[in-house]
Each structure stands twice: as C-alpha cells, then as structure tokens.
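Where a number appears in this text, it was derived from the coordinates with a stated rule and is not lab data. Being a predicted model, the structure only gives us computed values, none of them experimental. Note that we place each Cβ from the backbone using ideal geometry, even for glycine, and neighbour counts take in every protein chain shown.
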Amino acid sequence: DTGVSQNPRHKITKRGQNVTFRCDPISEHNRLYWYRQTLGQGPEFLTYFQNEAQLEKSRLLSDRFSAERPKGSFSTLEIQRTEQGDSAMYLCASSETGNQPQHFGDGTRLSIL
Amino acid sequence: RKEVEQDPGPFNVPEGATVAFNCTYSNSASQSFFWYRQDCRKEPKLLMSVYSSGNEDGRFTAQLNRASQYISLLIRDSKLSDSATYLCVGLAGGTSYGKLTFGQGTILTVHP
C-alpha cells in the first residue's frame with residue numbers, strides 16, 4: 001500500500017497561467033476527493049468522484065476549475081487563468097466507500113506570484 | 001455560521017497534562033464524526049472516529065453528544081509528540097454522502 005500520491009508537491013506560477021495537479025489514490029479505493037486548505041483554516045471540500053463519475057462540486061469550484069478521473073483511477077485537477085486567491089494547499093483523499101475514513105495525500109502547495 | 005466550529009486555541013500545556021478540545025456542529029444530518037490530526041505543513045491524518053457511546057484509544061477519548069450537537073476529544077498524559085493541530089470533522093449523509101466538513105482546527109503545543 002503506497003498511500004495516496006500527489007504530484008507535484010509544490011507549484012509556483014505566475015498569475016494567469018494554467019496549472020494541473022495529479023492524484024493517485026490508494027488502489028481499489030472507489031472514492032476520490034479534492035480539498036483546498038489555506039493557512040489557519042481546515043480543509044474545504046471541492047469535489048469528489050465515485051469511480052469515474054464526478055458526483056458533487058462545491059460552490060468554491062469556479063468555472064476555472066475542472067477535475068477529471070477518466071478511468072476511475074488517478075485524478076487531475078486543473079486551474080485555468082490562476083489568480084492570487086488560488087494560492088493554497090490542494091489535498092486529495094481516497095476511501096473505499098462513502099462511510100470509510102479518508103486517507104490524504106501529502107498535498108500540492110500552489111503559490112501564485 | 002460554519003458547519004463545524006472549534007476553538008482555534010492555541011492550547012499550551014506541560015507534558016503530562018490532560019487537555020480537552022470541544023467542537024460543535026450545526027448540520028444535524030451529519031452522519032459520522034472524526035478527529036484528524038495535522039502536523040505543520042503536513043496532510044491531515046485520521047486520529048479516531050467518534051461515536052455516541054464514546055471511543056477510547058490509549059490516551060485519547062472521543063465523545064459525541066447528538067442532542068447537544070457537541071463533540072469532544074480528551075488527551076491524557078500529554079506528550080511532546082502530541083503537539084499538532086486537531087481537526088474536528090463531520091461526514092455528510094444524504095445526497096452529499098462521503099463529503100467531509102472540517103472545523104478550523106485547534107492548535108496544541110505540549111512543552112517540557
């Protein structure tokens with residue numbers, strides 16, 4: 001069990017650029033979640049997948065954000081036309097089912113210059 | 001009002017002390033609750049689940065009171081390694097089944 005893996009660990013980019021993050025969940029975990037965490041706050045839910053189906057998106061997820069899980073395994077989160085307010089830690093988690101504990105990856109820390 | 005509210009602290013306690021954290025939630029539809037621990041610049045890690053009957057794991061005891069919509073975590077005989085942020089977390093039911101809602105987190109520092 002290699003745990004939840006996220007890449008890259010850190011991303012620094014200029015405002016207006018597009019960025020894409022990848023998450024590899026624990027194998028055979030059907031559920032995959034994306035959260036965002038800013039300094040001094042708890043993680044906030046963004047979206048989640050049951051296999052390849054995206055079941056819910058938070059209002060925090062503007063039109064500039066898109067997430068996919070094309071084969072029900074890894075997932076990508078893309079942010080287009082980044083803004084300074086997008087600077088945060090982006091966390092991915094997975095679980096076997098909806099009521100099982102979620103296991104988090106190390107996160108991708110995004111800094112917008 | 002946030003769905004899950006915690007006192008952010010910080011709590012500064014000496015080694016060996018007993019410390020208690022409280023958390024309240026507003027969504028009565030929340031199905032389950034957890035305490036997660038997060039070290040500085042690290043990912044949250046599950047500490048323990050919280051049940052109405054109470055749940056004890058070594059030095060840690062968690063309790064859920066659904067009538068008062070109140071959750072607690074008690075840490076006995078604090079260790080230096082307990083220093084971290086403790087996150088109170090609710091698991092949504094219904095159409096948002098599986099979604100976690102986190103509190104702001106309570107910062108604990110255990111000093112020698």
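Here the relative contact order of chain B, from alpha carbon pairs under 8 Å that lie six or more residues apart, stands at 37 percent.
Averaged over peptide A:34-46, the number of partner chain Cβ atoms lying within 10 Å of each residue's Cβ comes to 5.
The 3J(HN,Hα) values that the Karplus relation (6.51, -1.76, 1.60; θ = phi - 60°) gives for the stretch A:72-83 are, in residue order, x, 10, 6, 10, 10, 10, 10, 10, 9, 6, 4, 10 Hz. Gly and Pro appear as x. Determine the alpha carbon to alpha carbon distance for each of A:K14/B:K45; A:K11/B:K45; B:K2/B:K42; B:K2/B:K79 and list only those over 28 Å. From A:K14/B:K45; A:K11/B:K45; B:K2/B:K42; B:K2/B:K79, over 28 Å: A:K14/B:K45; B:K2/B:K79.
Provide the FRET efficiency to the nearest 0.05 for the A:T20-B:R76 pair, computing r from the beta carbons and using R0 = 41 Å.
About 0.35, to the nearest 0.05.
Built from the Cα atoms of chain B, the convex hull projects on average onto 6.9 nm², one quarter of its surface area.
Note on chain B: with a GNM built from Cα contacts shorter than 10 Å, the maximum mean-square fluctuation among B:E15, B:E56, B:E43 falls on B:E43. Normalised by the number of residues in chain A, the mean separation of alpha-carbon contacts (under 8 Å, six or more apart) gives a relative contact order of 37 percent. The calculated FRET efficiency for A:S111 paired with B:A67, based on their beta-carbon distance and R0 = 35 Å, is about 0.20.
How many angstrom lie between the C-alpha centres of the stretch A:1-43 and the stretch B:60-77? Centre-to-centre distance over Cα atoms comes out at 30 Å.
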